[in-house]
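The values are calculated or read from the model by the stated rules, or taken from the named source; none is laboratory data. Everything quoted here is computed from the prediction, not taken from an experiment. Reconstructed Cβ throughout: ideal geometry from the backbone, glycine too, with neighbour counts over all protein chains shown.
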Amino acid sequence: MKKTCSVCHKEKDIEEFAQDKNRKDGHVCTCKECYNIRSRKNWHKYKEKDNKRKREYHRKHPEQARSRHLHCRYGITLDDYNNIFKEQNGRCAICGRHQMELKNKLYIDHNHVTGAIRGLLCSKCNSVIGLVFEDVNILKEVICYLKNRNAGG
């Protein structure tokens with residue numbers, strides 16, 4: 001299996017990339033060689049230059065940058081994201097707030113073990129799931145707590 005490095009843009013064998021269980025394909029986007037170059041003594045100088053280049057690219061090509069991020073991080077295209085957005089009518093899958101009511105775009109909620117995408121969430125709902133470690137039992141305890149303390153109104 002082959003993969004293209006996000007730094008040197010060379011297509012390399014998948015073994016040339018470090019593993020990352022949070023990525024759809026199970027590997028980071030930077031090849032080991034480029035990663036090692038970044039990690040050496042001049043990393044801060046390279047990082048500063050690289051960040052400036054990335055900011056400029058994002059400013060000039062926002063859709064391509066977003067598409068690349070979605071593909072690298074979640075293994076989906078911008079069209080896939082837009083289809084999920086349309087299916088949810090532009091609303092958070094949990095609280096139902098519309099994108100127009102939010103400061104940020106809806107976040108992609110995904111299973112951190114399998115990488116499967118569950119839906120799009122606002123930042124608050126996405127944070128809740130992360131803060132309870134995606135554990136349904138903790139959420140049940142939170143509900144019981146709120147009911148018993150009459151905090152829900």
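Structural remarks
- The listed residue being farther than 29 Å from Lys21 by Cα, part of a helix (DSSP H, G or I) and either touching a helix residue (DSSP H, G or I) at 6+ places or on another chain (Cβ under 6 Å) or hydrophobic (A, V, I, L, M, F, W, C) (or both), out of Cys72, Cys144: Cys144
- The criterion of at least 3 residues that are closer than 16 Å to Gly75 by Cα and out of contact with any Pro (no Cβ under 6 Å at 6 or more places or on another chain) is met, among strands (runs of 3 or more DSSP E) falling completely within region 1-44, by 2-4, 27-31.
This table checks each residue for (1) touching a strand residue (DSSP E or B) at 6+ places or on another chain (Cβ under 6 Å); (2) under 29 Å from Cys8 (Cβ atoms).
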| site | (1), (2) |
| --- | --- |
| His58 | no, yes |
| Arg66 | no, yes |
| His69 | no, yes |
| Cys72 | yes, yes |
| Gln88 | yes, no |
| Leu131 | no, no |
| Glu141 | no, no |
| Asn150 | no, no |
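- Positions within region 1-50 being on the phi > 0 side of the Ramachandran plot and either small (Gly, Ala, Ser) or touching a His at 6+ places or on another chain (Cβ under 8 Å) (or both), in sequence order: Gly26
- Scope region 91-114; condition within 24 Å of Gly75 (Cα to Cα) and buried (at least 16 other Cβ atoms within 10 Å of the Cβ); matching residues: Arg91, Cys92, Ala93, Ile94, Gln99, Leu106, Tyr107, Ile108, Asp109, His110
- Total residues in region 93-117 satisfying the condition of being over 16 Å from the mean Cα position of the chain (by Cα) and outside any helix (DSSP H, G or I): the figure is 8.
- Cross-chain or 6+ apart pairs with Cβ under 6 Å, region 97-123 first and aromatic (Phe, Trp, Tyr), then surrounded by 12 or more Cβ atoms within 10 Å (Cβ to Cβ): Tyr107/Leu121; Tyr107/Asn126
- Close pairs (6 angstrom Cβ cut-off, 6 or more residues apart or separate chains): within 11 Å of Leu106 (Cα to Cα) in region 68-92, in a helix (DSSP H, G or I) anywhere: Tyr81/Leu70; Gly90/Gln99; Cys92/Cys125
- Of all residues in region 118-133 being part of a loop (DSSP other than H, G, I, E, B) and of a type outside the set (Val, Ile, Thr), the one that is surrounded by the fewest Cβ atoms within 10 Å (Cβ to Cβ): Phe133
- Of all residues in region 54-69 being of a type in the set (Lys, Arg) and under 27 Å from Gln19 (Cβ atoms), the one that is surrounded by the fewest Cβ atoms within 10 Å (Cβ to Cβ): Lys54
- Residue check for Tyr46: free of Cβ contacts under 8 Å to residues at least 12 places away in the same chain, surrounded by 14 or more Cβ atoms within 10 Å (Cβ to Cβ) and aromatic (Phe, Trp, Tyr): yes
- Test: residue in region 118-139 that is at positive phi and hydrophobic (A, V, I, L, M, F, W, C): yes
- Filtered residues of region 43-61 (kept if under 27 Å from Asp109 (Cβ atoms) and modelled with pLDDT of 95 or more): His61
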